[in-house]
Amino acid sequence: MALYRCNRCGHLSEPADDQIGTTTACPACGTDNQTYPTIAFLRTMLDRYFATRRELSEARAEIERLRLHAGETVTPSEPAPHAHTLPTDFDARNTDHFCSRVQVAPVLDWFRQAGVTADLDPRSLETSGHFDEVSASIGTRYQGLHEIVERIRQAQKQDYSFINIDLSKRTPEEVKTLNDFCQTLGESGFLSKYLRQEGDQVVRLSLQKAEAVRRFFDGGWLSWFSFMLGLRHLVSAGAEFSVARDVSLSWPKDEGHTLDLMFLVGQDTPLCVQCRTGEVIPYLDRLTHVRDRLGVAPDHYLLCVSDLTEQQAEDLSRRHGLSVATPRTLKAWFERRVPTRSAA
């Protein structure tokens, strides 16, 4: 799709795709403007919008800090901005609220006090782009979808442009689950194209080559699933918290460690989640090493593994002294750490 917008008068139109990249005169005012791909244009506009919102949020917080430092009192009609305060239009599925430096500051301060050098990109906390919806589909129906997720991962790893899914030996329920999921992937932009004709027993999936989509299928979906599940629970529980994702950690002479997810409840209660898909045993020593260096209590440092049964997770937890959960039991872990107000 192509989009033409006049920078002078605001005229909008949808020319033919072969006009993308050309410069033509505006039919309304005669000013020369370029025709852009619609998706690229919208992405640029959204980036600018979210950046402006982040700057506004940080500016409000800085103003409040200066007012408090000067001894001014905030009136009830002017609530103080706070790293934990959610905007009135907050929607966990589409927000950049957690991307500000003000929001992540308590997490970074906690790491500093623990003697850890932490590096993160606050933009990883933006929840737009359908990553949360697709990860929820996978996490809640992983038993029925793990095959197709793994096939997409392997195909992308080998730079294949498409895969075919045979439906002929599947039950009607399995066919519906796969069909619904593939439609979701196509509509959300996680596939270049999804093709299945009525009555056809083969689904053809044209794969996306975008790096963000590759990372998502290469295990990133579990980090997204854990992030959104924890986020929704803490918001519904009324907890005050800060959050960080994809944190790079280092100590003197000890570098190259990562932490997938951390919620800092209040100012001093960390909830850390490490996410692994596929084989997990080779990573256990490294994961426990990070936990011990951070000084986090074992029941506040969780390993979430997609490819284990609940019994296998319990056995792994007993053998290695780690808290281990699956996507099915992850919510219960959050609920035990931070009960809802009604349960407290």
> Put +1 on the Cβ of each Lys and Arg and -1 on the Cβ of each Asp and Glu in segment 192-344; which of P270, L284, L222 then has its Cα farthest toward the positive end of the dipole?
Replying inline: L222
> Simple spin-label model, 7 Å along Cα-to-Cβ: S248 to K193 in nm?
Replying inline: 3.9
> About its Cα centre, how strong a charge dipole does segment 215-337 have in debye, to the nearest 20, once Lys and Arg get +1 and Asp and Glu get -1 at the Cβ?
Replying inline: 140
>> How are the alpha carbon pair distances in segment 2-41 distributed across 10 Å bins from zero to the largest one, expressed in percent?
In response: 37, 57, 6
> How fast does segment 131-209 diffuse by Stokes-Einstein, in µm²/s, taking the Kirkwood radius from C-alpha pairs at 25 °C and 0.890 mPa s?
Replying inline: 192
>> Explain nothing, just the number: relative contact order of segment 2-41, from Cα pairs under 8 Å at least 6 residues apart, as a whole percent.
In response: 44
>> Using alpha carbons only, how many angstrom separate the centre of segment 281-344 from the centre of segment 180-257?
In response: 20
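Do any of K176/K331; K193/K331; K157/K331; K169/K331 go past 28 Å between their Cα atoms, and which?
On the way: K176/K331 26 Å; K193/K331 33 Å; K157/K331 31 Å; K169/K331 34 Å.
Over 28 Å apart, Cα to Cα: K193/K331; K157/K331; K169/K331.
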> What percentage of all Cα-Cα pairs in segment 254-344 are separated by more than 17 Å?
Replying inline: 48
>> Just to check I understand the Karplus step: with θ = phi - 60° and J = 6.51 cos²θ - 1.76 cosθ + 1.60, what whole-Hz values come out for segment 128-137, glycine and proline as x?
In response: 7, x, 6, 4, 5, 5, 5, 5, 5, 4
>> Output wanted: per-residue J couplings in Hz (rounded whole) for segment 301-308, from phi through Karplus 6.51 cos²θ - 1.76 cosθ + 1.60, θ = phi - 60°, x for Gly and Pro.
In response: 10, 10, 9, 9, 10, 7, 9, 10
> Given a cut-off of under 8 Å on Cα pairs at least six residues apart, what relative contact order in percent is computed for segment 131-209?
Replying inline: 33
>> Can you divide the C-alpha Rg of segment 176-265 by 2.2 N^0.38 Å and report the result to two decimal places?
In response: 1.52
> Between segment 1-28 and segment 104-168, what's the alpha-carbon centroid distance in Å?
Replying inline: 36
> For segment 193-203, in order, what is each residue's ³J(HN,Hα) by Karplus, 6.51 cos²θ - 1.76 cosθ + 1.60 with θ = phi - 60°, in whole Hz (x at glycine and Pro)?
Replying inline: 7, 10, 10, 7, 8, 4, x, 6, 9, 10, 9
> If you count, for each residue, the other Cβ atoms within 10 Å and average over each peptide, how do 143-152, 165-174 line up from highest to lowest?
Replying inline: 143-152, 165-174
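Each reported figure results from applying straightforward, stated rules to the coordinates on display, with no laboratory input. Just so it is clear, the model here is predicted, and its values are computed rather than measured. In this analysis, Cβ positions are derived from the backbone assuming ideal geometry, glycine residues included, and neighbour counts consider all displayed protein chains.
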